[in-house]
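Down below is the structure, laid out as structure tokens.
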Amino acid sequence: MTTTRTTTTASTALPGGTWTLGDLTVTRFGYGAMQLAGPGVTGPPADRDGALAVLREAVRLGITHVDTADAYGPHVTNELIREALHPYPDGLHIVTKVGARRDADGGWPPAREPDDLRRAVHDNLETLGVDTLDLVNLRLGDATGPRPGSLATAYETLVELQRQGLIRHLGLSNATPEQIAEAETIAPFVCVQNLYNLAHRQDDALIDRLAARGVAYVPYFPLGGFTPLQSATLAQVAERHGVRPTAVALAWLLHRSPNILLIPGTSSAAHLRENVAGAGLTLSEEDLAALDTIGGPRRTPQTP
């Protein structure tokens, strides 16, 4: 299996600029592929051609950070990414995650035993059609959120696969502060992917600490997830700018800290373009002060 890359030129400037994950430079505005799978993130999409078009539009727009997992489908999003984009454009980086599988009921039971992780890494290599995975996040906790407990055995398994050349960089997902601190004693990681948005600000201190260390923070469910963000304050700021509330929520994340990378998902190319435009909104200090009343005080003013 050979990884071939071709060159591409971005046609649109993306909001937020870029960030470096280890030796990988990515656009801070990325794309999350989870919504390309069928209902409940299971099975194929209703519109396969539309799903392929979204991925190709992401690359055309200049996005260089695509987030996926072989558990999405399972296998569906990785196979779509390969069909749409392989051979991958030079500079495009695909980030995947391991640590959960799918069961017959559509659940997400943990799969973090060493054999589970080795199998998952090889499955991702196969479905994406690459020899080395750019970045692999270790998914911790469960479908209800982070859970306490040591990550040592699971993380050390991925470190060994990294030494074998199958993974370039490591990250953590759905992790507690204690697990992140434990990982720091084992091997470097370049990002943390946790639930965070305007209304869920539990990781504020963690974001600032990671920013000081040059580690990216990638919020999943940046727009609220399966229950979209609802706030009268958010709606008022959006109305003042003449935009949708989702635009304000995405722009706020880019303002929050320079180490925040966005991976909003969509199955529509038009919606993807709308998200890009929305994230480029400039928020005033008055806007930021109002928005901070939704989820707590903003720690340090930041600009994209």
Pairs, first under 24 Å from Val41 (Cβ atoms) in the stretch 253-276, second aromatic (Phe, Trp, Tyr) and open to solvent by 20 Å² or more (accessible area, probe 1.4 Å), C-beta under 8 Å, six or more apart = Leu261/Trp19; Ile263/Tyr220
Answer yes or no: is there a residue in the stretch 89-107 that is open to solvent by less than 20 Å² (accessible area, probe 1.4 Å), without any contact (Cβ under 8 Å) to a residue 40 or more places away in the chain, in contact with a strand residue (DSSP E or B) (Cβ under 8 Å, 6 or more places away or on another chain) and not in a strand (DSSP E or B).
-> no
Report whether or not Gly165 is part of a loop (DSSP other than H, G, I, E, B), at pLDDT 95 or above, farther than 15 Å from Arg118 by Cα and open to solvent by 20 Å² or more (accessible area, probe 1.4 Å).
-> no
Per-region count, the stretch 277-298, residues among the charged types (D, E, K, R), touching a residue at least 40 places away in the same chain (Cβ under 8 Å) and out of contact with any Leu (no Cβ under 8 Å at 6 or more places or on another chain) | 1
Considering only helices (runs of 4 or more DSSP H) fully contained in the stretch 195-295, which possess at least 1 residues that are at negative phi and touching a Cys at 6+ places or on another chain (Cβ under 9 Å)?
-> 204-213
Hits in the stretch 24-49 - residues which are open to solvent by less than 20 Å² (accessible area, probe 1.4 Å) and either within 15 Å of the chain's Cα centre (by Cα) or within 19 Å of Leu61 (Cα to Cα) (or both) | Leu24, Val26, Thr27, Arg28, Phe29, Gly30, Tyr31, Gly32, Ala33, Leu36
Just give me the residues in the stretch 183-198 being in contact with a helix residue (DSSP H, G or I) (Cβ under 8 Å, 6 or more places away or on another chain) and either polar (S, T, N, Q) or crowded, with 17+ Cβ neighbours inside 10 Å (or both), in sequence order.
-> Ala183, Phe189, Val192, Asn194, Tyr196, Asn197, Leu198
Would you mention how many residues in the stretch 108-147 are open to solvent by 20 Å² or more (accessible area, probe 1.4 Å), outside any helix (DSSP H, G or I) and not polar (S, T, N, Q)?
-> 11
Among the residues of the stretch 199-219, write down those that are touching a residue at least 40 places away in the same chain (Cβ under 8 Å) and surrounded by fewer than 20 Cβ atoms within 10 Å (Cβ to Cβ).
-> Ala199, His200, Arg201, Asp204, Ala205, Asp208, Ala211, Gly214
Within the stretch 220-253, can you find the residues that are more than 23 Å from His271 (Cβ to Cβ) and exposed (fewer than 14 other Cβ atoms within 10 Å of the Cβ)?
-> Ala232
Here the residues within the stretch 168-182 that are closer than 22 Å to Thr64 by Cα and either open to solvent by 10 Å² or more (accessible area, probe 1.4 Å) or in contact with a Gly (Cβ under 6 Å, 6 or more places away or on another chain) (or both) are Arg168, His169
From Asp134, Asp142, which residue is in contact with a His (Cβ under 9 Å, 6 or more places away or on another chain) and among the acidic types (Asp, Glu)?
-> Asp134
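The values are calculated or read from the model by the stated rules, or taken from the named source; none is laboratory data. All values reported here derive from a predicted model rather than from experimental measurement. In this analysis, Cβ positions are derived from the backbone assuming ideal geometry, glycine residues included, and neighbour counts consider all displayed protein chains. The protein model used for the area step is the full one, side chains on, heavy atoms only, and it has no ligands, DNA or RNA in it. Shrake-Rupley method; radii C 1.70, N 1.55, O 1.52, S 1.80 Å.
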